[in-house]
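Just below is one structure, and these are the notes that go with it.
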Amino acid sequence: MLGFLANNIDQLDLALEHISKGNVNDARFGLMLTDNVVEITLHQIATDKLNDLKSFGYMRKDYSHEAALRQALGRRFDRKLKFAKLEGKLSDEEAETISALHAFRNEVYHVGIQHEPILPALSAHYFKLSCDFLARYEPRFLGWSSGQRLPDRAVKYFEADAFMPGSIEAYQSACRTLGDEAEFDAATVIEMLSNHMDEIIENQDGYIDLIATGGVRPTSRDNVILEGQAWSLAFSEEGKRFARENGCPEMTVFQFVEWIKDNYPLQYRSDPIPRWQERASSLRREANPNQALKKYRSFIDQTAAMRENIEEGAAQVDAHIDEQIDRMRMEASSTPSISTGTTEHDS
């Protein structure tokens, strides 16, 4: 078990080295390393409990979380997190924040979404929170064999002993030391999240204006929002099912879009920018970085579909404008030039 703890410290030390550099790519790597240590520790918490139940059979009949334990021993991160919370290893707020930051890690690694403006702040936040959590982990015993060797980065955090080159207390102290060395500042996290939300909203505001004024038919901002959602639904299985279940008569595509606008419970029925700006102001006033992250993540998740509709609409209008510009250039280049010179005649 000492080897497990030492490997955790080894990874945390490497994560801190990258996070401290403050750039996006190092922050991305630091976030992944931190998340890996958290996940394997969550799994170990479940494994420790299983071993306890096997060793002390009398405990099993009184244990009320066996189903959650079985799920925690599987592959799903959320099940491991839920079990650790049930066991009192994490507060609700800590578990919620770790869940959100794990989601960022998945997006950064698996999907390729970069979150570049906020990655340095988020990686430092995750690291500090994780070190606080990991410092509270306490295995039942430490095991060590003469053939084992401490990882190089972990050596400096443990005091060698003739029989055991480390202790639980040294591990917990190392976690706290590493957490304190991280350049984590709650105000910076909140500022970065707020700035990014402001930037997203400002871009969306510009896209809505472009669609409303630059398309084939100028329209209102409210109608841009309605049509964006309605056109998306019109070609989806959800929209078709809603039409069948609600007696929609046969009609043209354009009529169907209008029917969707009038009958479907759309998420937005007017320009969302003012409400989004209120949410951004609320985020900027937040003092707790965990709550700030919750507000930010809720905004990102809840507005994702609408923002995608707006961006698609803006791209179509932009393409239309480029097409018109190209057409005018071609017409201008094909117009015959008119000579204004004089012709000389022989006398």
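Any read-out appearing in this document is the output of simple, stated calculations on the displayed coordinates, not a laboratory observation. None of these values were measured; they are calculated from a predicted model. Virtual Cβ from ideal backbone geometry, glycine too; neighbours counted across all protein chains shown.
Where the alpha-carbon atoms of the stretch 1-66 are placed on the principal axes, they occupy 52, 23, 10 Å, in descending order.
Ile168 label point, 7 Å along Cα→Cβ, cut-off 15 Å on backbone N: hits in the stretch 74-107? The answer is 89. By the beta-carbon count within 10 Å of each Cβ, the least crowded to most crowded order of Cys248, Cys131, fewest first, is Cys248, Cys131. Angle of helix 186-214 to the longest C-alpha principal axis of the chain, folded into 0 to 90 degrees and rounded to 10: 20°.
Here the chain was treated as a single set of alpha-carbon atoms; its pair distances binned every 20 Å from 0 give 23, 40, 25, 9, 2, 1, 0 percent. For Glu258 and Ser145, the difference between the fully extended length at 0.36 nm per residue and the C-alpha to C-alpha distance is 33.3 nm.
Taking a point 7 Å out from the Cα of Glu308 in the direction of its Cβ, the residues of the stretch 259-287 whose backbone N falls within less than 18 Å of it are 266-268. The separation of the stretch 1-66 from the stretch 220-284, counted between C-alpha centres, amounts to 44 Å. Could you state the angle between the C-alpha long axis of helix 2-19 and the longest principal axis of the C-alpha atoms of the chain, as a value from 0 to 90 degrees rounded to the nearest 10? The helix 2-19 is inclined about 30 degrees to the chain. Oblate is the label for the stretch 2-184, because a/c, from the alpha-carbon gyration tensor with a ≥ b ≥ c as root eigenvalues, is 1.5 or above and a/b does not exceed b/c.
With Rg and the Kirkwood Rh both taken from Cα atoms, where does Rg over Rh land for the stretch 189-332? Ratio of gyration radius to Kirkwood radius for the stretch 189-332: 1.07.
Please order Tyr268, Tyr171, Tyr126 by the number of other Cβ within 10 Å, starting at the fewest. Intermediate results must be reported in sequence, preceding the final value.
Working: Tyr268 16, Tyr171 26, Tyr126 29.
So the residues, fewest neighbours to most, are Tyr268, Tyr171, Tyr126.
Each of Asp48 and Ser99 was given a label point 7 Å from its Cα along the Cα-to-Cβ line. The distance between the two points is 2.2 nm.
Of all chymotrypsin sites (Phe, Trp or Tyr not before Pro) in the stretch 10-90, which ones are in loop regions per DSSP and have a Cβ with at most 14 other Cβ atoms within 10 Å? Please list the in-between numbers first.
On the way: sites: Phe29, Phe56, Tyr58, Tyr63, Phe77, Phe83; in loops: Phe56, Tyr63.
Answer by residue number: Phe56, Tyr63.
Here the residues His18, His125, ranked from fewest to most Cβ neighbours within 10 Å of their Cβ, fall in the order His18, His125.
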